[in-house]
1. Can you tell me which residues in segment 99-110 are of a type in the set (A, V, I, L, M, F, W, C) and either more than 13 Å from the chain's Cα centre (by Cα) or surrounded by fewer than 19 Cβ atoms within 10 Å (Cβ to Cβ) (or both)?
2. Report yes if T53 is under 15 Å from L14 (Cβ atoms), of a type outside the set (A, V, I, L, M) and not in a helix (DSSP H, G or I), otherwise no.
3. Those residues that are basic (K, R) and out of contact with any helix residue (DSSP H, G or I) (no Cβ under 8 Å at 6 or more places or on another chain), I need them from segment 62-109; list them, please.
4. Among V68, V38, V31, which is the only one that is out of contact with any Pro (no Cβ under 7 Å at 6 or more places or on another chain) and modelled with pLDDT of 95 or more?
5. Among residues belonging to segment 13-28 that are outside any loop (DSSP other than H, G, I, E, B) and of a type in the set (S, T, N, Q), point out the one that is modelled with the lowest pLDDT.
6. Looking only at segment 84-98, count how many residues are surrounded by fewer than 16 Cβ atoms within 10 Å (Cβ to Cβ) and either at positive phi or in a strand (DSSP E or B) (or both).
7. Might you check whether a residue that is within 16 Å of R13 (Cβ to Cβ) and open to solvent by 60 Å² or more (accessible area, probe 1.4 Å) occurs anywhere in segment 60-83?
8. How many residues does segment 89-109 hold that are more than 17 Å from L14 (Cα to Cα) and either of a type in the set (V, I, T) or touching a residue at least 24 places away in the same chain (Cβ under 8 Å) (or both)?
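The values are calculated or read from the model by the stated rules, or taken from the named source; none is laboratory data. What you are looking at is a predicted structure, and each value in this text was computed from that prediction instead of being measured. Cβ atoms come from the backbone with ideal geometry, glycine included; neighbour counts cover every protein chain shown. Side chains included, ligands, DNA and RNA excluded: accessible areas come from the protein's heavy atoms. Shrake-Rupley method; radii C 1.70, N 1.55, O 1.52, S 1.80 Å.
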Amino acid sequence: MKLRIEDNSLRLRLSSEEVTDFQQTGRLETVVPLGPSVSDRLIYALQRDENATGSAPNISYTSGRVVVRLPVDVADAWTSSDEVSLRGIVEVADNQVVHILVEKDLGCKH
(Lines give C-alpha, C1' and ligand atoms only; values in the text may rest on other atoms or scores of the structure.)
Protein backbone atom coordinates (compact mmCIF):
# COMPACT_ATOMS: atom_id res chain seq x y z
CA MET A 1 0.00 0.00 0.00
CA LYS A 2 1.39 3.36 -0.98
CA LEU A 3 0.87 6.54 1.02
CA ARG A 4 1.09 10.01 -0.46
CA ILE A 5 0.63 13.15 1.59
CA GLU A 6 0.57 16.55 -0.05
CA ASP A 7 -0.61 19.71 1.69
CA ASN A 8 -3.99 18.78 3.18
CA SER A 9 -4.59 15.64 1.13
CA LEU A 10 -3.82 12.02 1.86
CA ARG A 11 -3.94 9.25 -0.74
CA LEU A 12 -3.68 5.49 -0.28
CA ARG A 13 -3.11 3.30 -3.36
CA LEU A 14 -3.66 -0.43 -3.15
CA SER A 15 -2.41 -3.09 -5.56
CA SER A 16 -4.95 -5.67 -6.71
CA GLU A 17 -3.50 -8.15 -4.20
CA GLU A 18 -3.90 -5.61 -1.41
CA VAL A 19 -7.50 -4.94 -2.44
CA THR A 20 -8.15 -8.69 -2.14
CA ASP A 21 -6.41 -8.83 1.26
CA PHE A 22 -8.43 -5.86 2.49
CA GLN A 23 -11.65 -7.46 1.24
CA GLN A 24 -10.85 -10.64 3.20
CA THR A 25 -9.40 -9.17 6.40
CA GLY A 26 -10.85 -5.67 6.65
CA ARG A 27 -7.45 -4.16 7.45
CA LEU A 28 -4.13 -3.32 5.82
CA GLU A 29 -1.22 -1.81 7.73
CA THR A 30 2.24 -0.62 6.77
CA VAL A 31 5.03 0.21 9.22
CA VAL A 32 7.78 2.60 8.14
CA PRO A 33 10.83 2.61 10.46
CA LEU A 34 12.18 6.15 10.89
CA GLY A 35 14.92 5.73 13.48
CA PRO A 36 16.82 3.38 15.77
CA SER A 37 14.08 3.00 18.38
CA VAL A 38 11.02 0.80 17.88
CA SER A 39 8.89 3.87 18.63
CA ASP A 40 10.56 5.81 15.78
CA ARG A 41 8.11 4.74 13.12
CA LEU A 42 5.12 5.79 11.09
CA ILE A 43 2.22 3.38 10.84
CA TYR A 44 -0.49 3.89 8.26
CA ALA A 45 -3.52 1.68 7.85
CA LEU A 46 -6.76 1.20 5.98
CA GLN A 47 -9.52 -0.30 8.08
CA ARG A 48 -13.11 -1.42 7.63
CA ASP A 49 -14.99 0.32 10.46
CA GLU A 50 -18.17 -1.28 11.78
CA ASN A 51 -18.93 1.82 13.88
CA ALA A 52 -18.60 4.31 11.02
CA THR A 53 -21.57 6.23 9.79
CA GLY A 54 -22.05 7.91 6.44
CA SER A 55 -20.60 6.92 3.11
CA ALA A 56 -17.21 8.62 3.05
CA PRO A 57 -13.76 7.68 4.31
CA ASN A 58 -12.72 9.07 7.69
CA ILE A 59 -9.30 9.49 9.29
CA SER A 60 -7.70 9.36 12.71
CA TYR A 61 -4.20 10.13 13.94
CA THR A 62 -2.53 9.17 17.22
CA SER A 63 1.16 8.87 18.11
CA GLY A 64 2.62 8.16 14.68
CA ARG A 65 -0.40 6.16 13.49
CA VAL A 66 -2.64 7.31 10.63
CA VAL A 67 -5.76 5.21 10.07
CA VAL A 68 -8.17 5.72 7.18
CA ARG A 69 -11.50 4.15 8.06
CA LEU A 70 -14.19 3.02 5.64
CA PRO A 71 -17.77 2.19 6.59
CA VAL A 72 -18.37 -1.55 6.16
CA ASP A 73 -20.92 -1.25 3.36
CA VAL A 74 -18.71 1.21 1.47
CA ALA A 75 -15.62 -1.00 1.87
CA ASP A 76 -17.50 -4.12 0.76
CA ALA A 77 -19.06 -2.41 -2.26
CA TRP A 78 -15.74 -0.86 -3.32
CA THR A 79 -13.67 -4.05 -3.06
CA SER A 80 -16.21 -6.08 -5.02
CA SER A 81 -16.75 -3.58 -7.84
CA ASP A 82 -14.87 -1.95 -10.72
CA GLU A 83 -14.99 1.39 -8.90
CA VAL A 84 -11.41 2.66 -8.72
CA SER A 85 -11.52 5.37 -6.06
CA LEU A 86 -13.22 6.55 -2.91
CA ARG A 87 -13.08 10.19 -1.84
CA GLY A 88 -13.88 12.02 1.32
CA ILE A 89 -13.36 15.33 3.05
CA VAL A 90 -12.88 15.31 6.81
CA GLU A 91 -13.14 18.41 8.95
CA VAL A 92 -10.30 18.68 11.46
CA ALA A 93 -9.11 21.31 13.95
CA ASP A 94 -9.40 25.04 13.34
CA ASN A 95 -11.99 24.69 10.54
CA GLN A 96 -9.49 22.95 8.27
CA VAL A 97 -10.15 19.90 6.12
CA VAL A 98 -8.23 16.83 4.99
CA HIS A 99 -9.01 15.39 1.57
CA ILE A 100 -8.85 11.59 1.52
CA LEU A 101 -8.49 9.47 -1.59
CA VAL A 102 -8.32 5.67 -1.56
CA GLU A 103 -7.52 4.11 -4.94
CA LYS A 104 -7.07 0.76 -6.58
CA ASP A 105 -3.69 0.79 -8.33
CA LEU A 106 -4.62 -1.85 -10.87
CA GLY A 107 -1.56 -1.31 -13.04
CA CYS A 108 0.75 -1.82 -10.08
CA LYS A 109 3.31 -4.63 -10.36
CA HIS A 110 4.94 -4.52 -6.90
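1. Those that are of a type in the set (A, V, I, L, M, F, W, C) and either more than 13 Å from the chain's Cα centre (by Cα) or surrounded by fewer than 19 Cβ atoms within 10 Å (Cβ to Cβ) (or both): L101, L106, C108.
2. No.
3. R65, R69, R87, K109
4. None of the other options fit; the residue is V31.
5. The extreme case among them is S16.
6. So the answer is 9.
7. yes
8. Residues flagged as more than 17 Å from L14 (Cα to Cα) and either of a type in the set (V, I, T) or touching a residue at least 24 places away in the same chain (Cβ under 8 Å) (or both) within segment 89-109 amount to 7.
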